[in-house]
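What follows is a set of notes on a single structure, which appears directly below.
Here, each number is a calculation from the coordinates, and none is a lab measurement. None of these values were measured; they are calculated from a predicted model. Note: ideal-geometry Cβ built from the backbone for every residue, glycine included; neighbour counts use all protein chains shown.
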Amino acid sequence: MSNVELSPDERTLCRGSEATPTGPEVELLAPREVPLGGPRAMLVQRSLPNRDRRMVGAWCFADCFGPDDLSGGPGMQVPPHPHIGLQTVTWLVDGDVRHRDSLGSDQFVRPGELNLMTAGRGIAHSERTPETAGSLHGVQLWVAMPDEDRTGEPHFEHHRDLPRLEFGDVRGTVLMGEVDGAVSSARSHSPLVGAEFVLPAGGSTVLPLEPDFEHAVLTLSGRLTAAGAGVPAATMLYLGLGRREAPVHAETESRFLLLGGVPFEEDLVMWWNFVGRSHDEIVTAREEWEGGRARNGDSGPFGAVPGDSEASLPAPALPQAELRPRSRVRRRS
C-alpha cells in the first residue's frame, strides 16, 4: 500500500535510540482518516505513525480499511508505487486484493492468508481489488528493516498455512514471529511478533507476552478492552515494555492484532513510501523513482510492474526543509 498523501508529514521521522520505554505503559493511539488513492477513493484509518508514538518495535505503519461495501465505488485501486527499506504485511478479514510487483509476483491475498513483501534496496508494486469484489476489510502494516538488511535484494512471499492456536476463549493465527510456542515461517529481520486473535462476545483471555518486547493491540472489529482500557475499532493501544501478559475482554465478538518487538534502536527517516537513514538517501530514492517513471518504469532500481498498465504514482514534492531525524516518541513539555 502506498502513502498517497500529497504532503507526507515530517512527523513520520523517527529516532529509535531515544525512545526505549522504561516500563509498562498504556497509551491509546487514535487513528486519523486518510484517503487511499485520492479524495474519492476508499478511506483508511492510520494509527501508526501517530502524533506521539511512531513505532512499536519495528512496526512503523498501520492502516485499517473497511469493512466497506465496494458495490458503489472503486475499492482499493493503488497503481504501481515504490518502497525501500521496509516490509509490507497485508492481512484481510474480508474480500481479496491482487498484488503485483516488479519481481513478477502476481498473487491474490484472501482472508486467513498473508502477503509479505520485502522491499530491501527497492521494489515497486500495485494493489487492487477485483471489479467483482463485494466487500473489503483488512489491514496493511509496514516493518522497518535494520541497517544490515535494508539494502538487500527485494523478496515476496505468500503464506496460506499459518500456525493457529487456542487458549482461554481466544482463537489465534500467528502472522510473524512466535506466540505461545506457535511459530510463523514468514521471514522477519528483527525480533518481533504479529498475530490475529478472535474473541467471542463476553469472552476473555490473557495474552502471553515477551517481556523484552514492547507491545500494542490493534482492534479490527468489535468492542474490546485490553489491560483495562477500551480499544475502539481501528484504534491501537500501546502496552509498553516489560509485560509478561495482558488481559483482554470482548464485550461483543472482537477481532484484533497483537503487534510487538524489541525497541528499534536505529535512527530512521520515513517519508512517503521510503524508510531510510538520511535526507540525501530519500532524495536519491525519489529521483530514481521519478527517473524510472519518465522511462515508463523500465529501468532504474525499482523496475516495472508486469500486468499493470496504469500510470505509476508520482512522488510528492519534497518539503523545503531538510528531512531530519526526530525521536520516535514525541517529547511532552
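In the P(r) worked out for the stretch 233-283, what percent of Cα pairs fall beyond 13 Å?
Taking all Cα-Cα pairs of the stretch 233-283, the fraction more than 13 Å apart is 73 percent.
How far apart, in nanometres, would the label points at residue 206 and residue 183 be if each is projected 7 angstrom from Cα along the Cα-to-Cβ direction?
2.6
Give me the net charge of residue 221's neighbourhood, meaning all other residues with Cβ under 13 Å from the Cβ of residue 221; Lys, Arg count +1, Asp, Glu -1.
Result for the local shell: -3.
Nearest 20 debye, what's the magnitude of the dipole of the chain about its Cα centre given +1 on Lys and Arg Cβ and -1 on Asp and Glu Cβ?
Its charge dipole is roughly 660 debye.
Net charge around residue 116, counting only other residues with Cβ within less than 9 Å of its Cβ (Lys, Arg = +1; Asp, Glu = -1)?
0
By counting other Cβ atoms within 10 Å of each Cβ, how are 221, 126, 204 ranked from fewest to most?
204, 221, 126
Within the stretch 109-141, name every residue whose backbone N is under 20 Å away from a label modeled 7 Å from Cα of residue 96 along the Cβ vector.
Taking a point 7 Å out along Cα→Cβ of residue 96, the residues of the stretch 109-141 whose backbone N falls under 20 Å are 109-117, 126-140.
So, by mean Cβ neighbours within 10 angstrom, what's the order for 231-240, 161-170, 90-99 with the highest one leading?
The peptides rank, most packed first, as 231-240, 90-99, 161-170.
Using θ = phi - 60° and the Karplus relation 6.51 cos²θ - 1.76 cosθ + 1.60, list the HN-Hα couplings for the stretch 256-264 in order, rounded to whole Hz, with x at every Gly or Pro.
Karplus values, whole Hz, x for Gly and Pro: 8, 10, 9, 10, x, x, 5, x, 7.
Pairs of alpha-carbon atoms within less than 8 angstrom and 6+ residues apart define the contacts here; what relative contact order does the stretch 174-313 have, in percent?
This gives 22 percent for the stretch 174-313.
Between residue 61 and residues 5 or more places away or on another chain, which pairs have amide H atoms under 5 Å apart, with H built 1.01 Å from N, and which residues are they?
Correct list: 142.
Could you give the angle, 0 to 90 degrees to the nearest 10, between helix 279-294's Cα long axis and the longest principal axis of the Cα atoms of the chain?
Around 60 degrees separate the two axes.
What number, in percent, do you get for the relative contact order of the chain if the mean sequence gap of Cα pairs under 8 Å and at least 6 apart is divided by its residue count?
This gives 24 percent for the chain.
Could you go through the stretch 218-228 in sequence order and give the Karplus-derived ³J(HN,Hα) for each residue, using 6.51 cos²θ - 1.76 cosθ + 1.60 with θ = phi - 60°, rounded to whole Hz, and x for Gly and Pro?
10, 7, 9, 7, x, 10, 10, 10, 10, 6, x
Pull up all non-local amide H partners of residue 220: gap of 5 or more, or a different chain, and H-to-H distance under 5 Å with H placed in the peptide plane.
Close amide H contacts, sequence-distant or interchain: 234, 255, 256, 257.
In percent, how large is the relative contact order of the stretch 72-178, given Cα pairs closer than 8 Å and 6 or more residues apart?
Rounded, it is 32 percent for the stretch 72-178.
Choose one of 192, 202, 323: the residue whose Cα lies farthest towards the positive end of the charge dipole of the chain (beta-carbon charges +1 Lys, Arg; -1 Asp, Glu; about the Cα centre).
Selected residue: 323.
When the Kirkwood hydrodynamic radius is evaluated over all pairs of different C-alpha atoms of the chain, what value in angstrom, to one decimal, is obtained?
The answer is 19.9 Å.
What's the local net charge at residue 153, with K and R +1, D and E -1, over the other residues with C-beta under 14 Å away?
Summing Lys and Arg as +1 and Asp and Glu as -1 gives -1.
From the phi of every residue in the stretch 178-189, what ³J(HN,Hα) in whole Hz does the Karplus formula 6.51 cos²θ - 1.76 cosθ + 1.60 yield, where θ is phi - 60° and glycine or proline is x?
9, 9, 6, x, 8, 10, 7, 8, 5, 6, 10, 10
Packing-wise, with mean Cβ within 10 Å as the measure, how do 318-324, 255-261, 210-216 rank, highest first?
255-261, 210-216, 318-324
What residues have an amide H closer than 5 Å to that of residue 29, excluding those fewer than 5 places away on the same chain, when H is modeled at 1.01 Å from N in the peptide plane?
236, 237, 238
Measuring from label point to label point, each 7 Å out along Cα→Cβ, what is the residue 25 to residue 322 span in nm?
2.9
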